[in-house]
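The values are calculated or read from the model by the stated rules, or taken from the named source; none is laboratory data. Everything quoted here is computed from the prediction, not taken from an experiment. Methodologically, a virtual Cβ is constructed for each residue, glycine included, from the backbone with ideal geometry; neighbour enumeration extends over all protein chains shown. Ligands, DNA and RNA are excluded from the accessible area calculation, which covers all protein heavy atoms including side chains. Shrake-Rupley method; radii C 1.70, N 1.55, O 1.52, S 1.80 Å.
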Amino acid sequence: MKQRAKAELLKNTSVAYSKYLRNQPAIIHVNEEEKETKLSDASRDNPLQTTEDVNNAKSEEDKSRNILKIAAKKSPADPVLQRFLERKADVQRVCDNRPELQEITFPYTCGEEPRKAFLKQDTMPLMYCAIEKTGSTFWRRILQVAGGASSGRPSLIRTMNAYNENGYHNMLNTPYKNIEANFKTMTSIMFVRSPYQRLFSGWLDKMYSPNWIFWIVLGDEVVKTQRKVDHFKKHTCGYDITFSEFIAHTVEDLIKKNCVNSHFTPSFYHCFPCIYDMDYIGKYETFKEDTVYLTKKLNMSVVLDKFDHDATTDAITDAVDFVYNERVDIVKCNVSFRCALFKVWQRLKARGIIGLDCEFPYKTDSEANKAPYGDFYHRIVKANADSDKGELKLNRKKAYVQAIRSLSDDLISKLAESFEVDFTMFGYDTDPLGSLSDIDTSDATPVKDVECNDLLGQRQRCAYNSYKLEVPFPGSIAYLEDMVEHGARAHGRKLLLLSNRQ
């Protein structure tokens with residue numbers, strides 16, 4: 001359908017769209033879709049309107065949205081744009097039918113400030129809402145590059161530096177009404193991800209991996225609730241939390257509206273898309289296409305010509321950086337450094353970075369203890385180069401399927417209930433396996449059994465270690481979680497985990 005025909009359809013649909021078209025050069029553009037709300041806004045603002053008037057306006061609004069979707073479907077040359085239009089329309093439809101979602105609520109807050117998720121770009125009218133485990137670290141890098149704080153390739157910015165807020169800043173000290181005003185004048189972006197995949201990724205990165213602060217802060221709680229271990233006034237390094245234990249604990253806290261870390265809460269409660277109209281809703285499942293499209297559309301000066309290669313390199317660098325930087329504190333959790341390196345190796349298998357047949361290189365504790373950063377890094381790079389790229393994608397699916405199969409039907413049902421808003425609003429299937437149900441996981445990465453000493457053949461389970469850091473530091477648990485997430489070391493000092501639960 002030609003542009004003139006599309007314009008004529010929109011013009012005949014509503015007065016709001018005819019006014020809008022006079023001010024916008026492009027017919028099918030995600031930014032323009034924010035005008036869809038004008039009809040419903042006008043109905044609410046005019047108390048003299050009858051119920052019939054409101055219903056008619058709503059009907060016209062629905063017609064406009066449907067015409068946009070039909071027009072996009074007739075534009076096969078731009079399937080990415082079509083997806084953006086459909087996602088936005090789906091979110092709007094859910095918001096229209098769910099009045100309870102049109103208020104800002106914080107059901108799982110741990111004292112964390114939601115406004116920190118709203119990131120305003122310094123050099124262009126752009127607002128990005130950052131949700132953990134949806135590619136938010138990479139987008140922080142993009143904002144830095146676009147803001148002039150770095151140049152060229154976002155992946156060259158190390159993870160610990162991505163959170164420095166150079167080239168962008170959060171809206172922590174901005175009143176909510178002002179944030180809403182910004183959304184009306186700026187291009188807005190958010191990314192979401194399947195709740196099942198997001199939780200699996202969160203567990204893999206924060207609980208399976210040698211992340212000593214999450215082992216203490218969250219692993220301690222999981223041990224107490226799932227294993228009924230009483231460590232009164234003591235902290236446990238929960239280094240071997242299984243996926244099923246993690247999900248059971250998380251679901252219980254979500255149902256009870258307890259404090260839940262933001263990595264594991266529904267995406268809706270991060271960005272409130274029923275209040276703040278999002279122009280572009282990307283998905284992690286189409287992250288590369290969506291990101292490339294947005295950076296080009298917004299004329300952002302970022303280099304993404306080696307997207308897949310850079311993503312792999314970044315994943316390897318981030319994993320090796322962390323285990324070597326945090327080596328001392330990991331070992332204090334009574335986990336050998338060899339065990340920590342093994343967890344990194346297995347995690348990269350589960351992420352589809354290295355092949356399942358790539359053998360862990362260090363046979364003894366002595367070998368691992370003496371291995372410098374560069375040796376471990378280059379062994380991973382070589383393992384990636386030697387791995388079949390087609391098999392790597394399948395291996396990632398196998399690791400996920402194996403983890404999901406460790407969950408009971410009742411637990412999956414409760415999980416679907418806890419993330420109902422995300423499933424409904426963002427169009428995700430509540431069946432965690434779907435087309436993956438027939439995948440054979442007999443040779444999958446053994447992520448279910450995370451007692452890495454047993455896996456290494458030592459026949460000795462790491463004992464739980466009551467663990468306190470050495471030098472007092474007046475910080476909260478939420479602060480410590482931020483510290484590890486941002487890669488900060490608090491001027492090189494040790495931190496004391498101050499329990500707010502004693």
I need the calculated FRET efficiency for the pair K177 and D321, taking r as the beta carbon distance and R₀ as 30 Å, to the nearest 0.05. 0.15
Once both label points are put 7 Å beyond Cα along the C-beta direction, the T364-I104 separation in nm becomes 6.0 nm
With labels modelled as points extended 7 Å from the Cα through the Cβ direction, what inter-label distance (nm, one decimal) is found for D409 paired with C259? 3.7 nm
Karplus-derived 3J(HN,Hα), 6.51/-1.76/1.60, for each residue of the range 294-311, Hz, glycine and proline x: 5, 5, 6, 4, 9, 6, 8, 7, 10, 9, 10, 6, 10, 4, 5, 4, 5, 5
Over the Cα atoms of the range 281-405, each weighted equally, I'd like the Debye log10 I(q)/I(0) at q = 0.14, 0.16, 0.18, 0.23 Å⁻¹, rounded to two decimals. -0.73, -0.89, -1.03, -1.32
Gained length - E289 relative to D308, 0.36 nm times residue gap less alpha-carbon distance: 5.7 nm
Given a Förster radius of 56 Å and the C-beta distance between T185 and E417 as r, what FRET efficiency does 1/(1 + (r/R0)^6) yield to the nearest 0.05? 0.90
Let me know the charge dipole size of the range 261-420 about its Cα centre in debye, to the nearest 20, where only the beta-carbon of Lys, Arg (+1) and Asp, Glu (-1) is charged. 440 debye
With every protein chain left in place, what is the accessible area of H309 in Å² (1.4 Å probe, nearest 10)? 120 Å²
Highest mean packing first, using Cβ neighbours within 10 angstrom, the peptides 292-302, 80-90 sort as 80-90, 292-302
Using the Karplus curve 6.51 cos²θ - 1.76 cosθ + 1.60 with θ = phi - 60°, what ³J(HN,Hα) values do you get for each residue of the range 143-155, in whole Hz, with x for Gly and Pro? 4, 5, 5, 5, x, x, 7, 8, 10, x, 8, x, 5
Across the range 95-193, what fraction of all alpha-carbon pairs, as a whole percent, falls in each successive 5 Å bin from zero upward? 2, 12, 20, 23, 21, 11, 6, 3, 1
On the principal axes of its Cα set, how long, how wide and how thick is the range 140-277? Give whole Å, largest value first. 52, 35, 29
Where labels lie 7 Å past Cα in the beta-carbon direction, separation of I275 and D357 in nm: 5.4 nm
